[in-house]
Amino acid sequence: MAEAVRVLKVVSEATGAVFEFDELPFGGAAVDLAGDPLPAATERACLESDAVLLGAVGGPRWEDEPAARRPEAGLLRLRERLGVFANLRPVRLGRGLRRQSPLRDEVLTTGVDVLIVRELTGGLYYGDRGSRRDRTGVRAFDTLVYTDAEVERIVRLAFDLARRRRRRVAEFDKSNVLETSRLWRRVTAEVASEYDDVGVELYYVDNGFLQFVRDPARFDVVVTENTFGDLLSDLGAAVVGSLGVLPSASLGEEGTPGIFEPVHGSAPDIAGRGIANPIGAVLSAAMMLRYAFGMEREAQAVEDAVDEVLEHGPWTADLAPPGVEPVGTSAVGSALAGIVRRRLAASPAPAAGWPPNDGIRYWLAGDHGFRPVFADDELPPGVAK
Ligand code: IPM
Ligand code: MN
């Protein structure tokens, strides 16, 4: 997170945009400090902010805490409080990652560029759960619930995003078994019928995972429910060879703060040693520039810097090629900051009306990043207001 903030400070110096950072306890640190993974003051500050940049939570130290005091419980509550139902997890195989992937070269020649759109505030994560002992032993349960409205808003977003990419949506479900999945499939088919220009494929999730590994290039946007999306994003990380490089954006209704966090966990085995890969966090900050602040040019500069470092180094231990000495977290952060500074100096921001996020309705994904849709823009046919 420190390296993400360092890169944001460079963006600030280069552009004159002022970021006010408010650092707040959350997760394990907050359990230690206040006995609550999401203290009321942290929650309030998040609700009052323009965006939340979040570090990974969890660790063996808090594993024996009661469920409500586990760091993960704080994360689930924060997502719920901010209403961030749409979790965007781009999985891209940059040139520098190719040798990192466990997949064979011929599978990768066609490239990997998938946007996982994971529903984030429903399903198993938020259903009734419990555990009790009866005559037969211990009985534990979790409940998987979705409403058609919850499914529709995320599926619609997936189609809107696909329109600005390669115009293909895949939906993963388990409709051969689960009732909620039958709802997902029906709603997806209904939404799809409004998007003649976007192709849709409905997969049973087990088969979808198989195809994802066998031929990742066939996927553009994958939309799926909370739990399947959690699993799929780690699979996506495996396909590109490192969990340390994947960012995410969790977005809710227009005008509410989003959460920007790396997909990876807290890696307790290497915590505190200064060797973690900061790229997932830095790319999450780039997503924040894009989605929260409308700073497309700056987001792009950060992403380009990451591509450059992935290709030419320096690399942390998870990415260093055989025979190349790995560097620590801050060396990668400093390399990224230097490149971002150079790139932003080379193409100065337009002076007037900047930052250009006034009146932006939302962002649509394109072949080369995202573009803003302004409130008075003509919407593409079929896109709901
Ligand atoms: C993720 C994480 C979280 C999740 C955990 C930490 C609760 O695995 O963001 O993918 O399951 O959503
Ligand atoms: Mn996960």
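Of all residues being small (Gly, Ala, Ser) and touching a strand residue (DSSP E or B) at 6+ places or on another chain (Cβ under 9 Å) in the stretch 110-140, which is surrounded by the most Cβ atoms within 10 Å (Cβ to Cβ)? Just the residue, please. Spell out the reasoning first.
Looking only at the stretch 110-140, we keep the residues that are small (Gly, Ala, Ser), and these are 111, 122-123, 127, 130-131, 137, 140.
In the following step, the residues that additionally are touching a strand residue (DSSP E or B) at 6+ places or on another chain (Cβ under 9 Å) were identified as 111, 127, 130-131, 140.
Details: GLY111: 13, GLY127: 15, GLY130: 9, SER131: 10, ALA140: 8.
Filtering the stretch 110-140 for residues that are small (Gly, Ala, Ser) and touching a strand residue (DSSP E or B) at 6+ places or on another chain (Cβ under 9 Å), the one surrounded by the most Cβ atoms within 10 Å (Cβ to Cβ) comes out as GLY127.
Here are some conditions: (1) within 12 Å of ligand 1 (Cβ to nearest atom); (2) surrounded by fewer than 21 Cβ atoms within 10 Å (Cβ to Cβ); (3) in a helix (DSSP H, G or I). GLY55 meets all but one. Which one does it not meet?
So GLY55 meets the others, but not (3).
Suppose we keep only residues that are among the basic types (Lys, Arg) and under 22 Å from THR224 (Cβ atoms) within the stretch 98-148. Which one would you say is farthest from ligand 2 (Cβ to nearest atom)? Give the derivation first.
From the stretch 98-148, those among the basic types (Lys, Arg) are 98-99, 104, 118, 129, 132-133, 135, 139; that's our starting set.
From the residues that got through so far, the ones that are under 22 Å from THR224 (Cβ atoms) too are 118, 129.
On the way: ARG118: 9, ARG129: 18 Å.
By that ranking, first place goes to ARG129.
Taking the stretch 234-247 as the search range and keeping residues that are within 12 Å of ligand 1 (Cβ to nearest atom) and buried (at least 24 other Cβ atoms within 10 Å of the Cβ), which one is farthest from LEU157 (Cα to Cα)? I'd like the intermediate steps shown before the answer.
Taking the stretch 234-247 first, the residues within 12 Å of ligand 1 (Cβ to nearest atom) are 234-237, 243, 246-247.
Checking which are buried (at least 24 other Cβ atoms within 10 Å of the Cβ) leaves us with 236, 247.
Working: GLY236: 20, PRO247: 19 Å.
Across the stretch 234-247, the extreme among qualifying residues is GLY236.
In this structure, is LEU33 more than 25 Å from LEU161 (Cα to Cα), more than 11 Å from ligand 1 (Cβ to nearest atom), surrounded by 14 or more Cβ atoms within 10 Å (Cβ to Cβ) and hydrophobic (A, V, I, L, M, F, W, C)? Please lay out each step first, then the result.
On the way: more than 25 Å from LEU161 (Cα to Cα): yes; more than 11 Å from ligand 1 (Cβ to nearest atom): yes; surrounded by 14 or more Cβ atoms within 10 Å (Cβ to Cβ): no; hydrophobic (A, V, I, L, M, F, W, C): yes.
For LEU33, the condition - more than 25 Å from LEU161 (Cα to Cα), more than 11 Å from ligand 1 (Cβ to nearest atom), surrounded by 14 or more Cβ atoms within 10 Å (Cβ to Cβ) and hydrophobic (A, V, I, L, M, F, W, C) - is not met.
If LEU336 passes every condition in (1) at pLDDT below 95; (2) out of contact with any Leu (no Cβ under 8 Å at 6 or more places or on another chain); (3) of a type in the set (A, V, I, L, M, F, W, C) but one, which one does it miss?
The single condition LEU336 does not satisfy is (1).
Might you check whether a residue that is hydrophobic (A, V, I, L, M, F, W, C) and either within 16 Å of the chain's Cα centre (by Cα) or within 16 Å of ligand 1 (Cβ to nearest atom) (or both) occurs anywhere in the stretch 249-257?
Filtering the stretch 249-257 down to residues hydrophobic (A, V, I, L, M, F, W, C) leaves 249, 251.
Then keep just the ones that are either within 16 Å of the chain's Cα centre (by Cα) or within 16 Å of ligand 1 (Cβ to nearest atom) (or both); that gives 249, 251.
Yes.
Just for the stretch 1-29: of the residues that are outside any helix (DSSP H, G or I) and surrounded by 14 or more Cβ atoms within 10 Å (Cβ to Cβ), which one is farthest from the chain's Cα centre (by Cα)? Spell out the reasoning first.
Looking only at the stretch 1-29, we keep the residues that are outside any helix (DSSP H, G or I), and these are 1, 16-27.
Filter once more, so that each one left must be surrounded by 14 or more Cβ atoms within 10 Å (Cβ to Cβ): 1, 17, 19, 24-27.
Values: MET1: 15, ALA17: 24, PHE19: 21, LEU24: 21, PRO25: 21, PHE26: 19, GLY27: 18 Å.
Only one residue tops the list, namely ALA17.
Please specify each residue of the stretch 74-95 satisfying the condition of being part of a helix (DSSP H, G or I), touching a helix residue (DSSP H, G or I) at 6+ places or on another chain (Cβ under 7 Å) and surrounded by 20 or more Cβ atoms within 10 Å (Cβ to Cβ).
GLY74, LEU78, LEU82
Under the condition of being of a type in the set (A, V, I, L, M, F, W, C), within 13 Å of ligand 2 (Cβ to nearest atom) and in contact (Cβ under 8 Å) with a residue 24 or more places away in the chain, which residue from the stretch 224-258 is nearest to THR316 (Cα to Cα)?
Residues of the stretch 224-258 of a type in the set (A, V, I, L, M, F, W, C): 228, 231-232, 235, 237-240, 243, 245-246, 249, 251.
Next cut, within 13 Å of ligand 2 (Cβ to nearest atom) only: 228, 231-232, 235, 237-238, 243, 246.
Subset that is in contact (Cβ under 8 Å) with a residue 24 or more places away in the chain: 228, 232, 235, 237-238, 243, 246.
Details: PHE228: 30, LEU232: 25, LEU235: 21, ALA237: 16, ALA238: 17, LEU243: 13, LEU246: 15 Å.
In this case the residue turns out to be LEU243.
Evaluate the stretch 59-75: report whether one residue or more is in contact (Cβ under 8 Å) with a residue 60 or more places away in the chain, closer than 29 Å to VAL155 by Cβ and within 14 Å of ligand 1 (Cβ to nearest atom).
The answer is no, given that none of the residues of the stretch 59-75 is in contact (Cβ under 8 Å) with a residue 60 or more places away in the chain, closer than 29 Å to VAL155 by Cβ and within 14 Å of ligand 1 (Cβ to nearest atom).
I'd like to check something: does the stretch 112-125 contain any residue that is without any contact (Cβ under 8 Å) to a residue 24 or more places away in the chain and of a type outside the set (A, V, I, L, M)?
Applying the first criterion (without any contact (Cβ under 8 Å) to a residue 24 or more places away in the chain) to the stretch 112-125 yields none.
The answer is no, given that none of the residues of the stretch 112-125 is without any contact (Cβ under 8 Å) to a residue 24 or more places away in the chain and of a type outside the set (A, V, I, L, M).
Return only the number of the condition from (1) within 16 Å of ligand 1 (Cβ to nearest atom); (2) touching a helix residue (DSSP H, G or I) at 6+ places or on another chain (Cβ under 7 Å) that ASN277 does not satisfy.
With (1) within 16 Å of ligand 1 (Cβ to nearest atom); (2) touching a helix residue (DSSP H, G or I) at 6+ places or on another chain (Cβ under 7 Å) applied to ASN277, the lone miss is (1).
The values are calculated or read from the model by the stated rules, or taken from the named source; none is laboratory data. This structure is a prediction, so every number in the text was calculated from the model and none was measured. Glycine gets a Cβ as well: all are built from the backbone with ideal geometry, and neighbour counts include every protein chain shown.
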